[in-house]
Amino acid sequence: MVRFIHTLCIPMIICLSACDVFQSIAQAPTIDRSSLSQEEIKRGLKEALHVSTDTSVTKASAINGFLANEAIKIAVPEEAQRVIEKTKKIPIVNKAIARVMESFEESMNRAAEDAAGEAMVVFKEVIQNITFQDVLQILNGEGDAATQFLEDNARQSLYDRFYPIVDNSMSKKNVDQTWSQVTGLYNQHVGGEIETDLNTYITNKALDGLFYLIAEEEAKIRKDPMHQVTEILQKVFGS
């Protein structure tokens, strides 16, 4: 009987348009979460966190993961932009330095992409240690409650891992040395004390961008059946 029903359904599925398939999934019956055990709910939430963080880290750490994504692209800080514009007018600043200064934006985003891959191990540890009380607060919280939980529990560890990589990435390109030279010239010829810590700026912006991506993935898992990619996600988040 089961085989007969399965055979009968095949031509019907083939005949449905992609739109019809998506609509039928979206209109699936509501799942009663109260029927799930604590272990199932916890496993479902941990699965959602793994999916959202893995996807986000993969996106962020790819080539152009930051640079080509306008939502998280790291812009030259205002102080640095002011230095660039002013130092262009100083005769002693040669064209080579000016070109390096103008490449800041690309260098900063490349550094963020270099660092992003380090997030995976930190997130796995935080997710592994999640409690059932945490799970309930996340499921009953705002639409970005999981992202907030991860940021509260992982940001400092991520910062500690990201900063040395950002520092190394900027050093390899000699951007930090050029920055010191040009800010020195700026302070000498224009006046002022520009001491923008670019590595701290880049690291924090990289983390902001990563959590932005995670919030996007969380929203998809909560609302879109097509992103509830495993059975346990469907059970916990299905509606």
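Tabulated results
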read-out	value
Residues being surrounded by 12 or more Cβ atoms within 10 Å (Cβ to Cβ) and outside any loop (DSSP other than H, G, I, E, B) - total across the range 126-139	9
Any helices (runs of 4 or more DSSP H) falling wholly within the range 1-113 and containing at least 1 residues that are at pLDDT below 90 and buried (at least 19 other Cβ atoms within 10 Å of the Cβ)	38-61, 78-87, 95-102
Long-range neighbours under 8 Å by Cβ, at least six apart or interchain, first residue within 16 Å of Phe149 (Cα to Cα) within the range 36-57, second in a loop (DSSP other than H, G, I, E, B) and polar (S, T, N, Q)	Glu47/Thr230; Val51/Thr230
Test result for Leu207, crowded, with 20+ Cβ neighbours inside 10 Å and either of a type in the set (Ser, Thr, Tyr) or at pLDDT 85 or above (or both)	yes
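The values are calculated or read from the model by the stated rules, or taken from the named source; none is laboratory data. Quantities reported herein were computed from a predicted structural model and do not represent experimental measurements. With ideal geometry, Cβ positions are generated from the backbone for all residues, glycine too; neighbour counts draw on all protein chains shown.
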